[in-house]
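> I'd like to ask you about the structure that follows.
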Amino acid sequence: MKSIVQVSVAILVVCALLFYGVSSLEKSSATSSGGSITVYNWGEYIDPELLEQFEKETNINVVYETFDSNEAMMTKIEQGGTSYDVAIPSEYAIEKMKENDLLIPIDHEKIPNLKNIDPYFLDLPFDPGNEFSIPYFWGTVGIAFNPTLLEGQTFESWDDLWDPSLKQEVIIVDGAREVIGMGLNSLGYSLNSRDVAELREATDKLKTLGPNIKAVIGDEIVEMMRREEAAVALTWSGQAADMMFVNENIDFSVPEEGSNLWFDNMVIPKTSSNIDGAHAFINFMLDAETAAQNTEYVGYSTPNQAAVELMDPEVTGDERFYPPEELRERLEVYENLGLEMLGIYNELFLEFKMDMEN
Amino acid sequence: MGKLSKPARVYLAFVFFVLYAPIFYLIFYSFNSGGTMSSFEGFTWEHYAAVFNDTRLIIILLNTIIVALLSSLISTAIGVLGAIGIVFLRNRKMRNAVLSLNNILIVSPDVIIGASFLILFTMVGVKLGFASVLISHIAFSIPIVVIMVLPKLQEMSFSLIDAAADLGASKRDILTRVIIPYIKPGIFAGFFLALTYSLDDFAVTFFVTGNGFSTLSVEIYSMARAGITLTINALSALIFIVTLGLVVGYYFFNQRARTIGTGGQ
């Protein structure tokens with residue numbers, strides 16, 4: 001009994017010491033007097049130095065938390081319990097959050113740095129007039145491939161994926177809109193098509209891709225491509241950038257027929273308790289120098305025109321991640337198709353996956 | 001070890017290799033100057049320096065340890081009393097029912113427990129943060145402690161208690177001088193199991209963290225999209241070494257205590 005009491009007391013003492021350590025660490029890092037904001041972002045999606053810089057400039061303390069999927073983030077915001085002031089969802093999630101009344105409109109007068117954003121990335125179908133969201137990073141859907149494992153193939157057209165020499169070499173991302181969209185694009189249709197005949201035609205064409213497909217998976221694509229277990233993957237440019245960071249052999253291309261354009265935007269959730277602080281943070285992130293530094297750290301494509309001008313032209317001139325005007329014109333942002341149409345997309349995608357089994 | 005045949009020894013070595021290889025692989029790359037885990041370029045301490053420079057990461061680590069220690073301490077106290085209560089339940093049906101309820105909590109998926117806690121906390125109006133994480137960790141550790149302590153209690157002869165009572169021990173004496181010393185190994189086993197459960201729990205913790213309070217498992221998992229940095233490797237290596245030190249220290253301490261206490265039995 002004595003030893004149990006001793007151990008318990010020792011644990012309590014250790015906890016007290018650790019508590020003291022945490023509170024003194026928090027004190028040394030907090031310079032707050034202008035209140036605090038809670039930022040909810042993807043993991044490793046911001047340069048931590050910028051948070052310190054923001055705290056110094058504005059005296060607003062930043063509490064920073066991370067999430068790993070749009071769905072997880074929405075659940076936490078919907079349930080409340082934490083007063084998130086800024087969150088960074090993807091475009092379809094923004095649409096859903098708007099529908100569920102989870103967002104606060106953004107006061108554009110408080111964000112003068114909005115002028116830095118390339119107008120091309122403003123006023124998009126998922127948020128007309130940028131009433132609720134401000135661009136953070138963007139990218140495309142395209143083909144990541146490893147030329148060292150292929151015989152000099154290039155992927156300028158979606159049709160190149162159908163090449164008979166690619167038997168069992170192609171991985172595709174497990175997303176209905178991405179895959180059906182690819183089918184539609186390869187036929188020259190819009191990837192927001194609501195025409196069932198076009199959709200059927202696209203699915204029929206996709207089914208003939210069956211023999212070339214190695215797997216239909218999610219985030220594991222990055223690791224498989226890094227380790228050269230597959231030569232070709234249909235994936236997002238952000239993931240491709242991750243692969244290329246490790247494996248220099250990998251290349252990325254956005255086929256000329258067109259493709260999807262994706263966004264991660266900053267929003268202010270309904271749970272916000274410091275709306276002024278949230279605006280200050282968004283404005284800070286749009287500052288040219290801040291955005292340039294952040295882009296260099298994260299490695300995705302920035303929508304910030306002023307930042308692009310500050311950055312290394314070798315990076316921003318890379319047409320794989322900053323596509324030129326004429327290609328951009330063929331890129332489309334996903335429109336909200338409505339529940340019924342989305343059901344048809346999912347149904348066709350399922351049909352395509354089932355057909356592959358045979 | 002000397003009694004084992006050669007194939008058995010080889011097999012044992014293989015098992016331990018499989019168990020430890022991933023850990024050493026991870027530690028090996030924590031010294032990689034290349035910045036990723038795919039090719040080793042050169043030796044560097046920079047990732048260790050990064051751990052100590054990252055105040056946020058250190059705060060999260062300390063929080064994780066505080067929650068683990070406190071929650072396992074409290075859940076051990078509650079669990080031991082619970083186990084004693086279950087053993088002394090007269091009604092057999094009742095005892096089985098309570099035990100089954102305990103077991104259901106062990107096998108039910110963490111996601112369900114986490115989501116339930118999230119809903120409960122937001123309904124009651126508890127702010128998510130330290131308290132909510134601590135409470136849920138205590139809650140999911142209690143059934144584990146009960147399961148660890150029960151066998152020790154069941155193996156204890158009840159005549160010990162009768163004898164103590166005959167010799168004039170009060171109820172309190174029986175508890176602190178007979179029962180608890182007897183089940184001590186079970187109590188420590190329960191405590192350490194609760195500690196590891198709390199340290200590596202992700203699913204429950206994910207739902208109930210908030211307001212800037214986070215634990216290591218949640219933090220590492222959310223790096224999945226943009227890639228986990230080698231700083232995490234360095235941190236894991238440090239944790240592994242500290243754990244190793246604690247285990248070795250405990251072993252020597254135990255050895256010495258035994259030699260002194262019983263004359264080297």
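The values are calculated or read from the model by the stated rules, or taken from the named source; none is laboratory data. Nothing here was measured: the structure is a model prediction, and the numbers come from that model. Backbone-built Cβ (ideal geometry, glycine too); neighbour counts: all protein chains shown. Heavy atoms of the whole protein, side chains included, go into the accessibility calculation; ligands, DNA and RNA do not. Shrake-Rupley method; radii C 1.70, N 1.55, O 1.52, S 1.80 Å.
> Can you find a residue that is among the small types (Gly, Ala, Ser), in contact (Cβ under 8 Å) with a residue 40 or more places away in the chain and farther than 30 Å from A:Val14 by Cβ anywhere in region B:98-114?
no
> For B:Ile144, work out the one condition from (1) touching a residue at least 60 places away in the same chain (Cβ under 8 Å); (2) among the β-branched types (Val, Ile, Thr); (3) within 13 Å of chain A (Cβ to nearest Cβ) it doesn't fulfil.
The number of the failed condition is (3).
> Using the structure shown, decide if A:Asp68 is more than 11 Å from every other protein chain (Cβ to nearest Cβ) and within 22 Å of the chain's Cα centre (by Cα).
No, not satisfied.
> Also: Among (1) exposed (fewer than 11 other Cβ atoms within 10 Å of the Cβ); (2) in contact (Cβ under 8 Å) with a residue 12 or more places away in the chain, which single condition is B:Val15 missing?
Checking B:Val15 against (1) exposed (fewer than 11 other Cβ atoms within 10 Å of the Cβ); (2) in contact (Cβ under 8 Å) with a residue 12 or more places away in the chain, the one that fails is (2).
> Turning to a different aspect of this structure: Can you name the residue in region A:235-259 that is touching a Leu at 6+ places or on another chain (Cβ under 8 Å) and buried (at least 23 other Cβ atoms within 10 Å of the Cβ) and, of all such residues, is farthest from the other protein chains (Cβ to nearest Cβ)?
A:Gly258
> Here is a further query. Would you be able to tell me the number of residues in region A:73-91 that are within 14 Å of the chain's Cα centre (by Cα) and in a helix (DSSP H, G or I)?
Number satisfying all stated conditions: 2.
> Going by the structure shown, is A:Ser190 touching a Phe, Trp or Tyr at 6+ places or on another chain (Cβ under 6 Å) and of a type in the set (Ser, Thr, Tyr)?
no
> Moving on to the next point. Can you name the residue in region B:196-210 that is away from chain A (no Cβ under 13 Å) and not in a loop (DSSP other than H, G, I, E, B) and, of all such residues, is nearest to B:Gly125 (Cα to Cα)?
Selected residue: B:Val204.
> Sticking with this structure for a sec: Would you mention how many residues in region B:2-40 are hydrophobic (A, V, I, L, M, F, W, C), under 29 Å from the mean Cα position of the chain (by Cα) and in a loop (DSSP other than H, G, I, E, B)?
2
> A follow-up question, please. Can you tell me how many residues within region A:92-105 are open to solvent by less than 10 Å² (accessible area, probe 1.4 Å) and within 18 Å of the chain's Cα centre (by Cα)?
3
> On the given criteria, is A:Tyr40 outside any strand (DSSP E or B), at the interface with chain B (Cβ under 10 Å from one of its Cβ atoms), among the aromatic types (Phe, Trp, Tyr) and crowded, with 21+ Cβ neighbours inside 10 Å?
no
> What's the total number of residues in region B:211-223 that are in a loop (DSSP other than H, G, I, E, B), at pLDDT 85 or above and small (Gly, Ala, Ser)?
Residues meeting the conditions: 1.
> Given (1) open to solvent by 40 Å² or more (accessible area, probe 1.4 Å); (2) away from chain A (no Cβ under 13 Å), where does B:Arg177 come up short, assuming only one miss?
Going through the list (1) open to solvent by 40 Å² or more (accessible area, probe 1.4 Å); (2) away from chain A (no Cβ under 13 Å), B:Arg177 breaks only (2).
> When both residues are 6+ apart or on different chains and their Cβ atoms are under 6 Å apart, which pairs have a first residue that lies in region A:24-35 and is more than 16 Å from A:Asn274 (Cβ to Cβ) and within 12 Å of chain B (Cβ to nearest Cβ), and a second that is open to solvent by less than 50 Å² (accessible area, probe 1.4 Å) and modelled with pLDDT of 75 or more?
From residues that are more than 16 Å from A:Asn274 (Cβ to Cβ) and within 12 Å of chain B (Cβ to nearest Cβ), the pairs are A:Leu25/B:Thr55; A:Leu25/B:Ile59; A:Ser29/B:Thr55.
> If we keep just the residues of region A:106-140 that are open to solvent by 70 Å² or more (accessible area, probe 1.4 Å) and part of a loop (DSSP other than H, G, I, E, B), which is modelled with the lowest pLDDT?
Only one residue fits best here, namely A:Asp123.
> While we're on this one: Restricting to region B:113-129, give me the number of residues that are within 15 Å of B:Asp201 (Cβ to Cβ) and within 14 Å of chain A (Cβ to nearest Cβ).
5
> If the requirement is being within 14 Å of another protein chain (Cβ to nearest Cβ) and small (Gly, Ala, Ser), which of these qualifies: B:Ser136, B:Ser100, B:Ser108, B:Ser157?
Exactly one of B:Ser136, B:Ser100, B:Ser108, B:Ser157 is within 14 Å of another protein chain (Cβ to nearest Cβ) and small (Gly, Ala, Ser), namely B:Ser136.
> Among the residues of region A:191-234, write down those that are of a type in the set (Ser, Thr, Tyr) and crowded, with 16+ Cβ neighbours inside 10 Å.
Passing the criteria: A:Ser193, A:Thr203.
> Hey, another quick one. Looking only at residues in region B:246-265 that are under 15 Å from B:Phe192 (Cβ atoms) and of a type in the set (Ser, Thr, Tyr), which one is modelled with the highest pLDDT?
B:Tyr251
> Out of the helices (runs of 4 or more DSSP H) lying entirely within region A:181-261, which hold 1 or more residues that are among the aliphatic types (A, V, I, L, M), closer than 15 Å to A:Phe155 by Cβ and touching a helix residue (DSSP H, G or I) at 6+ places or on another chain (Cβ under 6 Å)?
Counting at least 1 such residues, we get A:220-226, A:237-246.
> Still on this structure: Go through region A:140-156 and count every residue that is within 13 Å of A:Val170 (Cα to Cα) and β-branched (Val, Ile, Thr).
Going through region A:140-156 one residue at a time, the tally reaches 1.
> Next question. Restrict the check to region B:47-56 and report whether at least one residue is out of contact with any strand residue (DSSP E or B) (no Cβ under 9 Å at 6 or more places or on another chain), open to solvent by less than 20 Å² (accessible area, probe 1.4 Å), in a helix (DSSP H, G or I) and modelled with pLDDT of 90 or more.
no
> Looking at region A:71-91 only, could you name the residues that are open to solvent by 30 Å² or more (accessible area, probe 1.4 Å) and more than 10 Å from chain B (Cβ to nearest Cβ)?
Answer for region A:71-91, where residues must be open to solvent by 30 Å² or more (accessible area, probe 1.4 Å) and more than 10 Å from chain B (Cβ to nearest Cβ): just A:Glu71.
> Quick one: B:Ile74 ticks every box in (1) at pLDDT below 95; (2) open to solvent by less than 80 Å² (accessible area, probe 1.4 Å) except a single one, so which number is it?
The single condition B:Ile74 does not satisfy is (1).
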